[in-house]
Amino acid sequence: MIEACDQQSDETGLPTVRDAYLEACLASHPKAQYPWSHPAVYHAGARTGWYDLENQAEYVSWPNFKRNYEEYKRKALQGESLQIESTIDLPEPEKSTLSKTERQQQLQTLRKKLNL
């Protein structure tokens with residue numbers, strides 16, 4: 001029964017387990033900003049481990065992903081809301097407004113304070 005439902009991804013809006021696995025393995029970084037076909041794929045990939053999906057042999061990562069995806073697929077089909085948390089962009093590092101000479105003077109002052 002589960003396999004029959006899995007083959008009918010068009011009706012549920014969820015990709016098949018195989019399609020979801022390939023999507024998770026090939027998704028680019030950052031993962032949270034990738035245009036996922038469904039949040040269940042993202043969550044299954046995250047639980048399986050992005051490193052394992054990208055670096056382990058399929059016979060190692062496939063069973064774990066399949067189990068995780070089926071769990072999230074079941075949750076989605078039961079109406080549970082699966083959200084992908086948005087990431088926060090880090091601000092650009094501040095550039096020093098001091099000249100090289102001024103930075104050297106500050107460094108000398110600090111060394112004097114520390115008795116170096």
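Hey, could you check region 90-104 for residues that are surrounded by fewer than 10 Cβ atoms within 10 Å (Cβ to Cβ) and of a type in the set (Asp, Glu) and say which is nearest to Pro30 (Cα to Cα)? This residue is Glu92.
Just checking, does region 50-61 include any residue being polar (S, T, N, Q) and within 14 Å of the chain's Cα centre (by Cα)? Checked against the condition, which is being polar (S, T, N, Q) and within 14 Å of the chain's Cα centre (by Cα), region 50-61 yields no hits at all.
Pairs are defined by a Cβ separation below 6 Å, a sequence spacing of at least 6 or placement on different chains, a first member in region 70-82 that is closer than 17 Å to Ala24 by Cβ and charged (D, E, K, R), and a second member that is at pLDDT 90 or above and assigned to a loop (DSSP other than H, G, I, E, B); the pairs so defined are Lys73/Leu14. Whether any residue in region 93-104 is touching a residue at least 24 places away in the same chain (Cβ under 8 Å) and of a type in the set (Asp, Glu) is what I want to check. Checking region 93-104: not a single residue is touching a residue at least 24 places away in the same chain (Cβ under 8 Å) and of a type in the set (Asp, Glu). Beta carbons closer than 7 Å, at least 6 apart along the sequence or on distinct chains, pair a first residue in region 38-54 that is more than 14 Å from Lys75 (Cβ to Cβ) with a second that is in a helix (DSSP H, G or I) and of a type in the set (S, T, N, Q) for Thr48/Ser61; Thr48/Asn64; Thr48/Asn68; Asp52/Ser61; Leu53/Ser61. Let me confirm something: among Glu71, Glu54, which residue is modelled with pLDDT of 90 or more, more than 18 Å from Gly13 (Cα to Cα), outside any loop (DSSP other than H, G, I, E, B) and of a type in the set (Asp, Glu)? On inspection, the qualifying residue turns out to be Glu54. Tell me, yes or no, whether region 76-88 has at least one residue that is surrounded by fewer than 16 Cβ atoms within 10 Å (Cβ to Cβ), among the hydrophobic types (A, V, I, L, M, F, W, C), under 14 Å from Leu22 (Cα atoms) and out of contact with any Cys (no Cβ under 9 Å at 6 or more places or on another chain). No, region 76-88 contains no residue that is surrounded by fewer than 16 Cβ atoms within 10 Å (Cβ to Cβ), among the hydrophobic types (A, V, I, L, M, F, W, C), under 14 Å from Leu22 (Cα atoms) and out of contact with any Cys (no Cβ under 9 Å at 6 or more places or on another chain).
Going by the structure shown, is Ile84 in contact with a Pro (Cβ under 8 Å, 6 or more places away or on another chain), of a type in the set (A, V, I, L, M, F, W, C), outside any helix (DSSP H, G or I) and over 30 Å from Leu107 (Cα atoms)? Considered against the rule, which asks whether it is in contact with a Pro (Cβ under 8 Å, 6 or more places away or on another chain), of a type in the set (A, V, I, L, M, F, W, C), outside any helix (DSSP H, G or I) and over 30 Å from Leu107 (Cα atoms), Ile84 comes out as yes. Within region 28-47, the set of residues being assigned to a loop (DSSP other than H, G, I, E, B) and either at pLDDT 95 or above or crowded, with 19+ Cβ neighbours inside 10 Å (or both) comprises Trp36, His38.
The values are calculated or read from the model by the stated rules, or taken from the named source; none is laboratory data. What you see is a predicted model; the values in this text were computed from it and never measured. Virtual Cβ from ideal backbone geometry, glycine too; neighbours counted across all protein chains shown.
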